Amino acid sequence: MQDVSSLVARAREGRPRAVARLISLVEGASPQLREVMAALAPLTGNAYVVGLTGSPGVGKSTSTSALVTAYRKQGKRVGVLAVDPSSPFSGGALLGDRVRMSEHASDPGVYIRSMATRGHLGGLAWAAPQAIRVLDAAGCDVILVETVGVGQSEVEIASQADTSVVLLAPGMGDGIQAAKAGILEIGDVYVVNKADRDGADATARELNHMLGLGESRAPGDWRPPIVKTVAARGEGVDEVVEALEKHRAWMEEGGVLTERRLARASREVETIAVTALRERIGDLHGDRRLDALAERIIAGELDPYRAADELVAGLTRG
């Protein structure tokens, strides 16, 4: 068993091993998870969470690395959660974005962690909300969450980040992909990366046109900007940071940031409660109560919905 209070104290001091251990406890659904979350709760709420999403090949990892560099120039501590596909054999992260961000590996002001989706849809790992909380409590000023890049299921990032950045690239059919994936509804800032390629201006124009279709924004509403970058050379990255800071200021001024964080916390509580209930139902397989309800359904005495209501009522009482 880990000494949680000692781990949290060391994480607050910026010790990467302590941060790594806390996230490992989260990922492994450790029996100490409740103790960890209770210890972290008073220390959170300060970090700015930025989600980066987009189709595979648009340069998410390169863009994330460039943003780390930009924020470090401002003297900010940065945490990175790079969510990768799971290995079908070990269940661990398959791509390992830390390799692609090796230039920051020796920087004590940067913490980078690859997390596996472990089959979780939506482009994020199931433990991402708790891992974000660990990095927040560890003193990160900015947390960059890079999604797995799986296309239409990536929209979940919008529910986990304060600001969502959608990356596209010319020549990849991203305009069509954007419409299909629903990312036109989730982006707060749009980035056309690899802007030195042919078609970058056309991609930006098409995106601007699509964002304008059906637009029903009231005066004072946020209109997502479109920024062109060449992340591999660091070009346009300062403009992305500027757009992020403008969005943050707009959210703080209008109370949107608090609303988003309240919604995020509500979803997290709901997910934990549903998971716990599902586990309890799973334990009922072969249980006489479940069999008795099934017999009543077969006999026509009960419909499945009423049976489910009775089951849930029994579980919540017991």
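The values are calculated or read from the model by the stated rules, or taken from the named source; none is laboratory data. Keep in mind that what you see is a predicted model, and the values were worked out from it rather than measured. Please note: Cβ atoms are built from the backbone with ideal geometry, for glycine as well, and neighbour counts cover all protein chains shown. What goes into the accessible areas is simple: the full protein's heavy atoms, side chains included, and nothing from ligands, DNA or RNA. Shrake-Rupley method; radii C 1.70, N 1.55, O 1.52, S 1.80 Å.
Odds and ends about this structure:
- In region 235-263, of all residues being of a type outside the set (A, V, I, L, M) and open to solvent by less than 40 Å² (accessible area, probe 1.4 Å), the one that is nearest to Ala70 (Cα to Cα) corresponds to Gly236.
- Within region 52-84, restricting attention to residues that are hydrophobic (A, V, I, L, M, F, W, C) and outside any helix (DSSP H, G or I), the residue that is surrounded by the most Cβ atoms within 10 Å (Cβ to Cβ) is Val83.
- Helices (runs of 4 or more DSSP H) contained in region 89-199 and holding at least 3 residues farther than 21 Å from Trp222 by Cα and at pLDDT below 55: 97-100, 174-181
Per-residue answers, yes or no, for (1) out of contact with any His (no Cβ under 6 Å at 6 or more places or on another chain); (2) assigned to a helix (DSSP H, G or I); (3) more than 26 Å from Ser164 (Cα to Cα):
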| position | (1), (2), (3) |
| --- | --- |
| Gln2 | yes, no, yes |
| Leu7 | yes, yes, yes |
| Ala18 | yes, yes, yes |
| Leu22 | yes, yes, no |
| Ala29 | yes, no, yes |
| Arg34 | yes, yes, yes |
| Ala38 | yes, yes, yes |
| Pro42 | yes, yes, no |
| Val49 | yes, no, no |
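- Met37 being out of contact with any Gly (no Cβ under 9 Å at 6 or more places or on another chain), open to solvent by 70 Å² or more (accessible area, probe 1.4 Å) and not charged (D, E, K, R): no
- Residue within region 278-295 that is touching a residue at least 12 places away in the same chain (Cβ under 8 Å), open to solvent by 90 Å² or more (accessible area, probe 1.4 Å) and more than 24 Å from Gly51 (Cβ to Cβ) present: yes
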